[in-house]
Ligand SMILES: [Mg+2]
């Protein structure tokens, strides 16, 4: 009897499987409309999300910038409770995940973030039913690029790291690509607006979208 080779892939969530930046922009559009703030503020709110380290920092900045009377806590509550509703999962992505699983792949999501927030996004787009496991850094007690979170995810999927058929797909060179390489996985970088330089962790493949990465895996 031949031993069946189990192929597996882990995916980052934000700005890989789902368009986090787009969701935040949509939330910001609604927020400024509701509050009667200058629509130009959407750019500030959408861009600030990539530079603020925490939601508290983000909310403090926009409270100050727009002179809002709300407390920082109220603003954090507003954004974190409502912006998950703006997430969508493209049909090409859900179809790509279904196709891989139909071919016997085991799939997992590994995401850095707060458990409540990440689970809200995942449940919003009904991603849980399309994968074999979801691993959130706050729950797992380890963050990408630490190898420990990949070890926990591999154990959850019942697969082995350092495996020629194991993959990590993500948009962050530091968290996803360096993390994936450190865990002995092959890596696909979902390219964002920045270019790859010689100093960066070097992904095995570069794709323009996660849909393209899913096609690449289907042929792997
Ligand atoms: Mg990401």
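Read-outs: derived from the displayed coordinates by stated rules, not from any lab. Everything numeric here is computed off the predicted structure, so don't read it as measured data. Virtual Cβ from ideal backbone geometry, glycine too; neighbours counted across all protein chains shown.
Brief remarks on what is shown
- Taking the longest Cα principal axis of the chain as reference, the axis of helix 55-66 is set at about 30 degrees.
- Overall form of segment 66-166 per C-alpha gyration tensor (a/c, 1.5; a/b vs b/c): oblate
- Between residue 174 and residue 30, full extension at 0.36 nm per residue minus the direct alpha carbon distance yields a gain of 48.6 nm.
- Relative contact order computed over the chain (Cα-Cα under 8 Å; 6+ residues apart), in percent: 21 percent
- Shape of segment 20-86 from the C-alpha gyration tensor: rounded (a/c under 1.5, with a ≥ b ≥ c the square roots of its eigenvalues).
- In percent, rounded to a whole number, the relative contact order of segment 20-86 is 36, using alpha-carbon pairs under 8 Å and six or more apart.
- Normalised by the number of residues in segment 93-220, the mean separation of alpha-carbon contacts (under 8 Å, six or more apart) gives a relative contact order of 21 percent.
- Using a simple spin-label model with pseudo-atoms 7 Å out from Cα toward Cβ, residue 193 and residue 56 lie 2.9 nm apart.
- Helix 20-35 vs. the chain, principal-axis angle (Cα, 0 to 90°, nearest 10): 20 degrees
- For the pair residue 6 and residue 78, label points projected 7 Å from Cα toward Cβ lie 4.7 nm apart.
- Residue 138 paired with residue 71, simple spin-label distance in nm, labels 7 Å along Cα-to-beta-carbon: 1.9 nm
- The chain: calculated mean residue ellipticity at 222 nm from DSSP helix runs of at least 4, using -39500 (n - 2.57): -13500 deg cm²/dmol
- Separation between Cα centres of segment 158-185 and segment 9-43, rounded to whole Å: 28 Å
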